[in-house]
Every structure is written in C-alpha cells, then in structure tokens.
Amino acid sequence: MKTLTTVLSLNEADVLRLVLEREGIAVFLPDQFAAQAFGQIPGGLRIQVNDGDYEKARQVASAFLNARAGFASTPAAQDWRCPRCGEIVDGALGACWKCETLRS
C-alpha cells in the first residue's frame, strides 16, 4: 500500500474514494474509523492504494482535484430578490426557498 494523499475530513476522503473506485482503483482509508469516532485527525486522513495502482490513482486524483479547484474558483452566483415575496435568496438556488417562485 502507498499513501496517495491526505485530506482533512471524512467527507473529502469519501468523495475521492468514490472517484478512484469508479476508475477501478481499490482504496483503503486506514484512518476512517478514528475519524468517525473522533472527528478531525491530526495530520489528516490517509488515502491509500495498492502499489500497482499508484500512478493511475495519482493521475485520476490530480485530474479530479484540478477540476474541483477550477469549479471552486468560479465566481459564485449572486443572491437575488424574489419578485413575488421580496425574500433574498441564495444565488445557487433556482427558486425562492420561501414561496417557491422560480428565478426570473
């Protein structure tokens, strides 16, 4: 086993695990149960793969993380005011959370 990377949260580990497993790469999270019991682990959660899968896993993880970083740097949609009820609605939503009016 080789450690591919470390992440800060179990959610991040699960997302990357799913991405790698979708590509046929077996993933081992040796710190999974400690993270479930104690929350954040000092030094992060290790994501490990078999030695023979390491290079492919590195490429897949790198492509995924670069794509995610590009998405994160995309400006967030601006909040908007609902024309029906006047509520300020989160820019990511396509309908008012209060009265369900669609964003125009």
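The values are calculated or read from the model by the stated rules, or taken from the named source; none is laboratory data. All of these numbers come straight from a predicted model, not from anything done at the bench. Cβ atoms come from the backbone with ideal geometry, glycine included; neighbour counts cover every protein chain shown.
Just a few scattered comments:
- Restricting attention to region 34-62, the residues that are in contact (Cβ under 8 Å) with a residue 40 or more places away in the chain and polar (S, T, N, Q) add up to 2.
- Within region 1-27, tally of residues that are within 14 Å of Val49 (Cα to Cα) and assigned to a loop (DSSP other than H, G, I, E, B): 5
- Evaluation of Pro30 against (1) part of a loop (DSSP other than H, G, I, E, B); (2) at pLDDT below 90 (one fails), failing number: (2)
- Filter result for Asp31 (acidic (Asp, Glu), exposed (fewer than 11 other Cβ atoms within 10 Å of the Cβ) and either touching a residue at least 12 places away in the same chain (Cβ under 8 Å) or on the phi < 0 side of the Ramachandran plot (or both)): no
- Members of region 43-64 that are outside any helix (DSSP H, G or I), at pLDDT 90 or above and more than 16 Å from the chain's Cα centre (by Cα): Gln48, Val49, Asn50
- Of all residues in region 16-25, those that are closer than 20 Å to Gly44 by Cα and touching a residue at least 24 places away in the same chain (Cβ under 8 Å) total 4.
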